[in-house]
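Asker: I have a structure I would like to understand better, so I am pasting it below and will then ask my questions one at a time.
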Amino acid sequence: MTLRQTSKAFYAVTRLRSLWALLLRIHVQEQNIPIPHLNGRSLDSLSASELEQFTCDALALRSNWANPNPDPKREVDFYKPTEPNSRIIFMQFLPGRQNRWLISVTMTVQPKKFVIQCWDVAIPYPACIAELTHMDGPYGGIVINDDPSSPAIMAMQSAQTEILTIDFDEEDPESAFVTLSAIDGVREIHLLSGHTLVTRRPGDAGEVNIWDLNDLRQEKLQLVNPSLLQNDRCQAMHLRDDYIVVIRQQTVEFYSTVPRQNIIPTSGAPIAYPLAQHHFQWRADTVTMSEQVSCHAAHSCHPCPINIFIRFGSIYPWPVNMLHHFVLAPNPAYVPGRETSLYNLPYLSQPTPVQTIGSPVRLFGASTVVLGKYGTALWLDSHTEDWLGPSDRGQRLAGKLVTVAGDPSSVNWQDNAKASMVFRVREDDMWTKVAMDEESGRVAVGYVNGAITLFEYA
């Protein structure tokens, strides 16, 4: 950019489309850096000036995002319910779809109700474009579809499992949520990916069921681990191609999702057993898992590494004051395109420990963690002493960028690492949930009074 101002020759060179295509590839794509405001456009369709703008925007966002104290370019507070005793219990940005939609769930204690809302956060003051109120019967939460091309945007569990979409053009927010299909009965919902829904039957030994949204008359497959007798609550899942990774309280399990005839004929869906599994020494309190974007893996058609952040439980009523970062590294012997089996696993079955991060949480304190596909871990904890001094109140919104190669030999163990970014610190305990969109550089935090604050860093 400086050379551009020195002569007409350099001015002409620095306007070349081929130059900016090269710079974008080397400095952004190969560094696995998100490109803000690209909105799914093909790079081949961009002009030289557009490539230049996207390159500069991506590097500027990464520079601010990775700063020890990121500087928000915009901060806006919105939505505070009129009912008392309302709190945010869920928040997540919709993947894709121009990175402009935020889903929130507000719980009101008296009367007991749950309000699901979709917000347009790309306008100066975020507006609710869809709203669904649930008051009757049980409520078991929602899951967001990780495939932005699917018409099924989310699943909600009540007395039945409902598959919902959103009519973004509907003028009446209360009519914008549309039910596509439903499954009778109560179950735990864990994952929605494309046209595949993964649920678990309630109970200590409840099997995991895989459903095809195109045929909900019966489960497509049951996942059963005979070695688990109880306490097999599912914590996180990852579904790709013909396999699924399931993390429970103390195990990591790998299954094939290709239905096969049961050896012993039984009624119901085919049963799949773990191809491999790993047992943790301690039981997990919370688990967050996300595939990490890898330019190298994409070119080689191999699976991307999977980051796992775990806060283990303890003998006390609160979890341990550390976050443990593990990586599921791709299996070097895996053959893409060949069916997943015991002899062709996409990942090494034992997670590789990478680092532990100090993250103290007070008794009954919020300790939510979110993990992005570009390697950002973002969490709430109670570590405020460095800013506010000793106190029995206060919260920190902190994060860390993790860059992990797929080869476990290149992973260096780092003990007692620290957060590399501190986004905000407050003197009370009002935050309860956090959501993050790395591509647009947005962070949203939900409050115990139902309010939401949006921070933009791009």
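Asker: Given labels modelled 7 Å from the Cα in the Cβ direction, how far is it in nm from R260 to C301?
Answerer: With each label placed 7 Å out from Cα toward Cβ, I get 2.4 nm.
Asker: Something else: Round to a whole angstrom and tell me the spacing of the C-alpha centers of region 424-453 and region 2-78.
Answerer: Between the Cα centres of region 424-453 and region 2-78 lies a distance of 27 Å.
Asker: Another question, if that's okay. Can you tell me the equivalent ellipsoid semi-axes for region 63-194? Use √(5λ) from the Cα gyration tensor, largest first, whole Å.
Answerer: The answer is 26, 19, 15 Å, longest axis first.
Asker: Something else now. Can you give the direction-averaged projected area of the convex hull of the alpha-carbon atoms in region 191-314, in nm²?
Answerer: On the way: hull surface 35.8 nm².
The Cα convex hull of region 191-314, projected and averaged over all directions, gives 8.9 nm².
Asker: Quick check for you: with a 1.4 Å probe and neighbouring chains kept, what is the accessible area per residue of region 141-222, in Å²? Could you put the intermediate results ahead of the total?
Answerer: Details: 3580 Å² over 82 residues.
Ligands and nucleic acids excluded, the result is 44 Å² per residue.
Asker: Also, quick follow-up: Roughly to the nearest percent, how much of the accessible area of region 2-57 is carbon and sulfur, given a 1.4 Å probe?
Answerer: Numbers: 2010 of 3490 Å².
Of the solvent-accessible surface of region 2-57, carbon and sulfur hold 58 percent.
Asker: What is the extension gain from K73 to E30, computed as 0.36 nm multiplied by their sequence separation minus the C-alpha to C-alpha distance, in nm to one decimal?
Answerer: Working: separation 43, 0.36 × 43 = 15.48 nm, distance 2.63 nm.
This chain segment gains 12.8 nm when fully extended.
Asker: Quick one: what does P(r) look like for region 130-185 with 10 Å bins over all Cα pairs, in whole %?
Answerer: With a bin width of 10 Å, the distribution comes to 24, 54, 22, 0.
Asker: Taking 0.36 nm per residue of separation and subtracting the Cα-Cα distance, what length does fully extending L342 through T82 add? If you can, show how the numbers build up before the last one.
Answerer: Details: separation 260, 0.36 × 260 = 93.60 nm, distance 5.51 nm.
Length difference between fully extended and current span is 88.1 nm.
Asker: So, one more: Could you sort E253, E75, E162 by accessible area so the largest value comes first, with the probe set to 1.4 Å?
Answerer: Working: E253 0, E75 95, E162 35 Å².
Putting E253, E75, E162 in descending order of accessible area: E75, E162, E253.
Asker: From the P(r) of region 363-404, could you give the percentage of C-alpha pairs in the tail past 12 Å?
Answerer: Details: 530 of 861 pairs.
So the portion of pairs separated by more than 12 Å is 62 percent.
Asker: Let me ask something else. For the chain, what are Rg and Dmax over the alpha carbons, in angstrom?
Answerer: 22.9, 79
Asker: Among the trypsin sites (Lys or Arg not before Pro) in region 86-129, which ones are in a DSSP loop with at most 15 other Cβ atoms within 10 Å of the Cβ? Mind listing them? Don't jump to the answer; show the numbers that get you there.
Answerer: Details: sites: R87, R97, R100, K112, K113; in loops: R100, K112.
Qualifying residues, ordered by number: K112.
Asker: Which value results when the Cα radius of gyration for region 2-57 is divided by 2.2 N^0.38 Å?
Answerer: Values: Rg = 11.8 Å, N = 56, 2.2 N^0.38 = 10.2 Å.
This ratio for region 2-57 stands at 1.17.
Asker: Further question: Compute the separation of the alpha-carbon centres of region 133-164 and region 92-108 and state it in Å as a whole number.
Answerer: Cα centres, region 133-164 to region 92-108: 13 Å.
Asker: Here's something else I'd like to know. Viscosity 0.890 mPa s, temperature 25 °C: what is the translational diffusion coefficient of region 1-140 from Stokes-Einstein with a Kirkwood Rh over Cα pairs, rounded to a whole number of µm²/s?
Answerer: 131
Asker: Using 30 Å as the Cα-Cα cut-off, could you pick out the over-long pairs in K373/K433; K73/K113; K220/K433; K8/K73? Can you show the working numbers first?
Answerer: Numbers: K373/K433 19 Å; K73/K113 35 Å; K220/K433 34 Å; K8/K73 35 Å.
From the list (K373/K433; K73/K113; K220/K433; K8/K73), the Cα-Cα distance tops 30 Å for K73/K113; K220/K433; K8/K73.
Asker: I've got another one for you. If ligands, DNA and RNA are left out, what is the accessible area of C304 with a 1.4 Å probe, given in Å² to the nearest 10?
Answerer: 20
Asker: While we're here: Distance from the Cα centre of region 208-264 to that of region 303-331, in angstrom?
Answerer: One Cα centre to the other: 21 Å.
Asker: Just to be sure I understand the model, the point goes 7 Å from the Cα along the line to the Cβ. What's the resulting R393 to D172 distance in nm?
Answerer: Result: 4.3 nm between the two label points.
Asker: In percent, what relative contact order does the chain have, based on Cα pairs under 8 Å that are 6 or more apart in sequence? List each step's numbers first, then the result.
Answerer: Details: 1072 pairs, mean separation 65.6, N = 458.
The normalised contact order for the chain reaches 14 percent.
Asker: Return one whole number: the accessible area per residue of region 47-115 in Å², for a 1.4 Å probe.
Answerer: On the way: 3290 Å² over 69 residues.
I get 48 Å² per residue for region 47-115.
Asker: Another question, then. Roughly what would the spin-label model give for W282 and C56, points 7 Å off Cα along C-beta, in nm?
Answerer: So the two model labels end up 4.8 nm from each other.
Asker: Any chance you could run the full-extension gain for T2 through D215? It's 0.36 nm times the residue separation minus the Cα-Cα distance, nm to one decimal.
Answerer: On the way: separation 213, 0.36 × 213 = 76.68 nm, distance 5.95 nm.
Contour length minus the Cα-Cα distance gives 70.7 nm.
The values are calculated or read from the model by the stated rules, or taken from the named source; none is laboratory data. What you see is a predicted model; the values in this text were computed from it and never measured. Note: ideal-geometry Cβ built from the backbone for every residue, glycine included; neighbour counts use all protein chains shown. Please note that ligands, DNA and RNA were not included when accessible areas were found on the heavy atoms of the full protein model with its side chains. Shrake-Rupley method; radii C 1.70, N 1.55, O 1.52, S 1.80 Å.
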